[in-house]
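The values are calculated or read from the model by the stated rules, or taken from the named source; none is laboratory data. Bear in mind the structure is a predicted one, so any value in this text is a computation, not a measurement. Heads up, the Cβs are rebuilt from the backbone with ideal geometry, glycines too, and the neighbour counts pull from every protein chain shown.
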Amino acid sequence: MAALESIDDLAVSLRISDVPTAPDGERGLLLHMRAEEDDRGSFASMIRHLALRQELLEMARLDQEVRSALIQAGVGTPDPQLLSRMAAIDAGNTNRLQAIVEEYGWPGTDLVGVDGARSAFLVLQHASHDVQKNLFPLVEAGYREGMVSGPGYALLLDRILVGDGRLQVYGTQAMTFDEWIDGQPALAPIEDEANVDVRRAEVGLPPLAAYRELLKRLYSPER
């Protein structure tokens, strides 16, 4: 599993489950797409709340640590104790994130830096669907104000739409491996798929074909 510092790469979970099904020992849990070049960094002079940033980094570290342990233990028969620990970590992280949002609003890059904001976003990915929907307006506002990355906004929107049984907009949500067709990555249905690459470019995502190749490279058992 990539170290916490690699949250500069947006963590994108496969649809349905955040427990890995691929045999990749290093990145079997999360496929990593480059979200954006971090030209700003996370310098102390640019962060308004250093302590909160550090707390979010620790929350994300715990999130990834338990999932890394699940991968190492073998994804075929997940360890019940690790699953229980993951659920407890996710619940604690979600509760704390909601408290942070209630006090500060969405923790964007101006408040906690690039890595802190991405850590908050990682925690949100493992929150319940209802929590994601409740917090989405804040994430959307942060995106409009330049405090949330375009890929992050697109990912959360698609995840919520797919969870609601609707068409995704940006094509970020992949199906689990057993739903692939002839070894080719399958994505949840996309609204106006003919123009999806235009929309992806608008939020800083690579073309859909490149995304499919990334899925194959990270998840195909033939790799």
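Considering Glu202, Glu179, Glu213, Glu191, the condition of being acidic (Asp, Glu) and within 24 Å of Ala117 (Cα to Cα) is satisfied by Glu202 alone.
When Val148 is tested against (1) in a helix (DSSP H, G or I); (2) of a type in the set (Val, Ile, Thr); (3) within 19 Å of Thr94 (Cβ to Cβ), just one condition goes unmet, and that condition is (1).
Annotation note: of Gln132, Gln125, the sole residue that is at pLDDT 95 or above, under 24 Å from Gly204 (Cβ atoms) and surrounded by 15 or more Cβ atoms within 10 Å (Cβ to Cβ) is Gln132.
Scoring Val101 on the criteria (1) at pLDDT 95 or above; (2) among the β-branched types (Val, Ile, Thr); (3) part of a loop (DSSP other than H, G, I, E, B) leaves a single failure, condition (3).
Just one residue in the set Ile190, Ile160 is closer than 23 Å to Ile89 by Cβ, surrounded by fewer than 22 Cβ atoms within 10 Å (Cβ to Cβ) and touching a residue at least 12 places away in the same chain (Cβ under 8 Å); that residue is Ile160.
Within 30 Å of Arg144 (Cα to Cα), among the basic types (Lys, Arg) and assigned to a loop (DSSP other than H, G, I, E, B), is that true of Arg199? Judged against the criteria, Arg199 is not a match.
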